Amino acid sequence: MTTDITPAAVDAAPDGQPKRKWIGRSMKRVEDPRLLTGRGGFIADQKIPGLLHAAIYRSPVPHGRIVSIDATAALAIPGVVAVVTGEDCKAKMNPCMNFGPTTIPQYPLAVDKVRYVGEAVVAVIAESRYLAEDGVDALKVEFEELPPVVDPMKALQEDAALLHEEHGSNLAYERTFTFGEVDDAFAQADLVVSDTLHWGRSAGMPLETTGAIARPGLNGVLEIFCNSMNFSYFVWLIATALNVPSNRVTISPVPAGGSFGSKFTAHKVPTLAGFLALQVNRPVSYIEDRFDHIMNSDHHASDRYYDAKLAVTSDGILLGLDIDVVDDYGAYLQFGVGTHGNALSQGVGPYRIKNLRYGLRAVLTNKCQQGAYRGFGSEVQNWVLERLIDQAAERLGMAPEEIRRKNFIQPDEFPYKIPGGNLYDSGDYPAVLDKALSMIDLEHWRKEQKRLREEEGRYIGIGLATTQERSVFSSTEFWYWFDEPAFPITSSPESATITVDPAGEFQVLLHSQAMWGNSPETVAAMVVAEEFGVDPSTVNIRYADSAHALPGTGPGGSRFTVMVTGAIRGAAKKLQKKIIEIAAHTLEVPPEDMEITDGRVQVKGAPELGQSLAEVALTAYFFALNLPPGMTSGLEEAYTYDHPLTTLPSPDRSDLGIFYPIMGHNCHIAVMEVDPETGMTTWLDYVAVHDAGTIVNPITLGGHVTGGTAQGVGTAQLEELVYDSDGQFKSSSFWEYLVPSATEVPPMKLGHVETPSPYTEFGIKGGGEGGRMATPAVISAAIDDALREYGMRVRNLPVRPADIVAAVQAARQEQKAD
Amino acid sequence: MKPPRFAYYDPASVAEAVELKSRFGTDALVLAGGQSLMQDLNTRRTRPDALLDINRITSLQELQVGPTHLELGALVRQHRLETDPAVRRAVPLLTGVTHHIGHVENRHRGTVGGSMAQADPWAELPTAAVTLDAEMVIEGPAGRRVEAARDFFTGRGTTSIAPDELLVAVRFPLTPADAGWGFVEVARREGDRAMAAAAAQLRLDDAGRVASIAIGLTSITDHPVRAAETEAQLLGQVPTADAVAAAARAVEQQVDRADDVHATLGYRRHLAITVTQRAVLAAVQRAQEGDRP
């Protein structure tokens, strides 16, 4: 892997020296040593005296009424302690946290009905997980089966069985937004391209599943140790579900072995663990096994059916976009339709499309619920838009890079308001495209494509995509869908506390569940190092539990690096002021004459006149009489950083406001060979250039791009959560659900362009979702390009080898018939 | 994903293992490399009363090249087939197919006998055995018996091993010096179960005609089979690309594995023809080039 960075214009001071010492420098992760030596402290490693273990009986039927649960044999097994059912949940708790309609309630164990294969029905608590599973095996559960609702289109028919009778329909949500003059745009168009597309259901599939240990503790406090949840944002909602006062629930974050969205607000596992612990009044561990995770997680991802149209002029100007999408949400709607808020945040991509219609129907079916997965639904919109643009380019005889360049929002047009109201903060899309083109020899590949076809009968294709990567969500996107939202939240803060201890060493306290396999500690250490001129390896990072945490939201929507940097910088400024005031008072110089450099506070221009931070810290902690008048002891400051740029939607929703403005961008180019006889593909070249604003750490940003690309390969070619026409789940293991391995991921050339955000500290933008924003689009385009003579068009992801061969065979039949 | 309760035995000799098998019959399962069995246990797809761990039986770990056969003890690890030069010289097709068995980690533990006895429809070694007319050496209370590979595999996951018997070795005929081989597999990812695969071994006469040919197919029905019709069509013919393509079409009718999440029946039919054609052409090329170590 090679990396090529075009530095930000602001990166150098006038004297040519780098303005920053740490931000922008490749630094190994400070998290790695403990993770690589088996000291990660993951949830399954937690040892708690008297711990019991829970296993789950999962529904074998897609839709049915629970008639009876006989636990006699299970309870007779020595070591089985208790059996808990949905009846217990109904009697003793409230429905789980839910941002969808209240008529679609959910409990951690099914109440009255089961609504998908794999839904948790009964929990067995035992002395070991082995015995708990023996108990599950011994349960006798009887169902009255109901007609399965599998196809989202059929779910909307009058005679379809209802998933939630009290909701009255399988249509969970419907709305059409029209921004601009869409009908006029289509009337004026010389060309309208349209397509019917399906983005199949996949999910983040981390090595470590979601797990929680709950322990009834002192003073009636329920302690929950958990690797999921943005706990400081939502602990009160877990408490509400458990019918426990919020000050009697404490969630302690446990580092997670990967999330990719699957641990974002994953509430069912900690809620269930908490409920079970309360039932037996003993500590209980519930850790999903792979079956639990793959079929009953909080977070299957988008499963969308599109009718999409694009209005274009004869010279390739994009006039309008018309999207009609049916999203198969599964059995519950925990996040409402927030995944479509993500799509709307960058609905027109990097292009000057002035008119957008977005019609959404969210449908309930007998499948696991949807949640978050890298991209949170915006990556799907990217794929749809790029599919249409490729089609327009082909129809107009334009090169893919040409039509895109022609429609780019230009660098001098920022900040740029898109149809719908979101704002793009900054960008230089032509620079990103130019950089990508400079890293691959497209002319060579285009010649090679022709030569290989003619001389060797081989099929290679080139795909190119230029897509957005929105970052730093505002919570308005969760509710602007509704005219009368129940809870129109506008906060999504992040906090940090910086302490300089009496010996002058740095502690940083983070206030959310930040460690999901990303690099929160590395970021925090680098920002502290930048602010105080200390070595980042000397900074220690800790995590608050919910009883101590300041407001925080945690990772999600590529927000964490931007937000935690804002929080740390805010705390650093307060702390710097105090340090300077103490030192100035001690040295009897005016504070404005002093600065902090290389871990010292000193007089500007006279560095020999100063104090080390340790000297200042000693004064701060132990020599109160030496402090400036009115100052109190200690050297610790906290800061809560709110979203840097968000506005309310208009009451009539003609403008949704600014809700996702820190806009990254990328260009991916892929060259693939496709074997039309087997449908298998081979990588020949791959370039990914991203602009995530000012880069904090090129190594970790490169990791996000690479990992996101791998997951893009998965979604585009391998991964699918399949329910058959009877509603049976066909992908319950890694034999069926194929996560890409090293051999399926392209060797990549990485490039970066840095267009700083004017609205964030240091100009950083989020980059966590990486390649998944673009990879499905370039794979689809490359396969189409390779098999153009067969009229290949990827309309359904994942595109399996069988699908490619079927398309080739069908085209050959047609050619023969002609 | 925890196994149900089972009794564990680790016999030190074949006799002891056979005695245990006689006692438990179908209620006992043999643990060799554990690459399939441990998953089945942990997911509770199988619930044996007893597990017979044969890893202590050192006599089953032997690999011998005899005058006519390569004899592989049931516990010979798959990794050895791809790395031991003696195997490559004796039966090069075996080395060729082994690379496609899972990943190297699996091959370090996985055994020859385990793969044969597991008899998965997508497994490579059973296909090699059927293609090369290997012999299965089976020991029971009445002593040893030898069974031809093509009679050994009886269905998906089933073999002719009786409940009181143990597979102790597999004998592959030494590959003639002038033979060429080919193996082509298509799987979703490297190391995945084959959607279809074909093994071929053939010899050409002085006129370039096919003097002998064997083609085995993986994953197209519930157990490995020979492509008898294709073999018959090519025998005595000059194996030009066109002739091979035409003969390979005959395998289509042998494909009957139903649709799964990875492959449709129609796709598998097309794939069976493609891999057969490519495996035979690779074998022809090796036979022509005399590509032997």
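The values are calculated or read from the model by the stated rules, or taken from the named source; none is laboratory data. Remember, it's a predicted structure, so these values are computed and weren't measured experimentally. Cβ placement follows ideal geometry from the backbone for every residue including glycine, while neighbour counts extend to all protein chains displayed. Accessible surface areas use protein heavy atoms only, side chains included; no ligands, DNA or RNA. Shrake-Rupley method; radii C 1.70, N 1.55, O 1.52, S 1.80 Å.
Before moving on, here are some points about what is shown:
- Heavy-atom accessible area ranking, 1.4 Å probe, most first, across A:Leu310, A:Leu131: A:Leu131, A:Leu310
- Two-decimal Rg/Rh across the range B:202-247, once Rg and the Kirkwood Rh are taken from alpha-carbon atoms: 1.03
- Between helix B:14-24 and chain B: long-axis angle, C-alpha atoms, 0 to 90°, nearest 10: 70
- Charged neighbours of A:Pro49, selected by a Cβ distance under 14 Å, balance to +1 (K, R count +1; D, E count -1).
- Selection of GluC sites (Glu not before Pro), the range B:1-85, meeting DSSP coil and at most 16 other Cβ within 10 Å: B:Glu62
- Think of a 1.4 Å ball rolled over the protein heavy atoms: the range A:77-225 then has 41 Å² of accessible area per residue.
- C-alpha long axis of helix B:265-289 to longest principal axis of chain B, angle in °: 70
- Binning the alpha carbon pair distances of the range A:208-343 at 10 angstrom intervals from zero yields the distribution 11, 34, 26, 13, 9, 5, 2, 0, expressed in whole percent.
- When chain B is treated as a GNM with alpha-carbon contacts under 10 Å, the residue of B:Arg188, B:Arg278, B:Arg89 showing the greatest mean-square fluctuation is B:Arg188.
- Exposure rank, largest accessible area first [A:Asp137, A:Asp32; 1.4 Å]: A:Asp137, A:Asp32
- Per residue, the average separation of C-alpha pairs within less than 8 Å and at least 6 apart gives the range B:7-53 a relative contact order of 60 percent.
- Mean separation of Cα contacts under 8 Å, 6 or more apart, over the residue count of the range B:72-202: relative contact order %: 27
- Dimensionless Rg/Rh of chain A - Kirkwood Rh, Rg from C-alpha atoms: 0.99
- A:His511, B:His270, B:His108, ranked by accessible area, largest first (probe 1.4 Å): B:His108, B:His270, A:His511
- Among B:Gly66, B:Gly155, B:Gly102, residue whose mean-square fluctuation peaks in a GNM of chain B (springs only between Cα atoms under 10 Å): B:Gly66
- Between the range B:117-165 and the range A:515-567, the alpha-carbon center distance in angstrom: 60
- Calculated over the range B:7-53: convex hull of Cα atoms, volume per residue (Å³): 63
- Computed with every protein chain present, the accessible area of A:Arg453 is close to 80 Å² [probe 1.4 Å].
- Structure-based [θ]222 nm, chain A - -39500 (n - 2.57) summed over DSSP H runs of at least 4, per residue, nearest 500: -8000 deg cm²/dmol
- Area accessible to solvent at A:Thr538, 1.4 Å probe radius, in Å²: 70
- Of B:Thr68, B:Thr111, B:Thr276, the one that fluctuates the most in a GNM where chain B has Cα springs shorter than 10 Å: B:Thr68
- Per-residue 3J(HN,Hα) values for the range A:633-642, derived from phi via the Karplus relation 6.51 cos²θ - 1.76 cosθ + 1.60 with θ = phi - 60°, read 5, x, 9, 9, 9, 10, 8, 10, 9, 8 Hz in sequence order (x marks Gly and Pro).
- When only alpha carbons are used to place a centre, the range A:359-403 and the range A:293-343 end up 7 Å from one another.
- Normalised Debye scattering of the range A:493-641 at q = 0.11 Å⁻¹ gives log10 I(q)/I(0) of -0.42, counting only Cα atoms as equal scatterers and leaving out solvent.
- Structural descriptor for chain A: relative contact order 16 percent, calculated from alpha carbon pairs under 8 angstrom and at least 6 residues apart.
- For A:Lys435, the aspartates and glutamates whose Cα comes closer than 14 Å to its Cα, not counting residues fewer than 8 places off in the same chain, are A:Asp4, A:Glu401, A:Asp691, A:Glu754.
- Kirkwood-type radius of the range A:561-679, with distances r between different C-alpha atoms, in Å: 18.7
- Kirkwood hydrodynamic radius of the range B:60-173, from the reciprocal of the average inverse Cα-Cα distance over all distinct pairs: 13.8 Å.
- Inverse of mean 1/r across different Cα pairs in the range A:301-403, Kirkwood, Å: 14.4
- Apportionment of accessible area to carbon and sulfur, the protein assembly as shown, percent (1.4 Å): 51
- Within a straight-line Cα-Cα reach of under 30 Å, A:Lys90 can be paired with the following lysines, leaving aside sequence neighbours fewer than 8 residues apart in one chain: A:Lys113, A:Lys140, A:Lys263, A:Lys268, A:Lys367, B:Lys2.
- Derived from the Cα gyration tensor, the three semi-axes of the equivalent ellipsoid of the range B:180-289 are 25, 13, 10 Å, largest first.
- Alpha-carbon centroids, the range A:92-156 and the range B:173-231: separation in whole Å: 49
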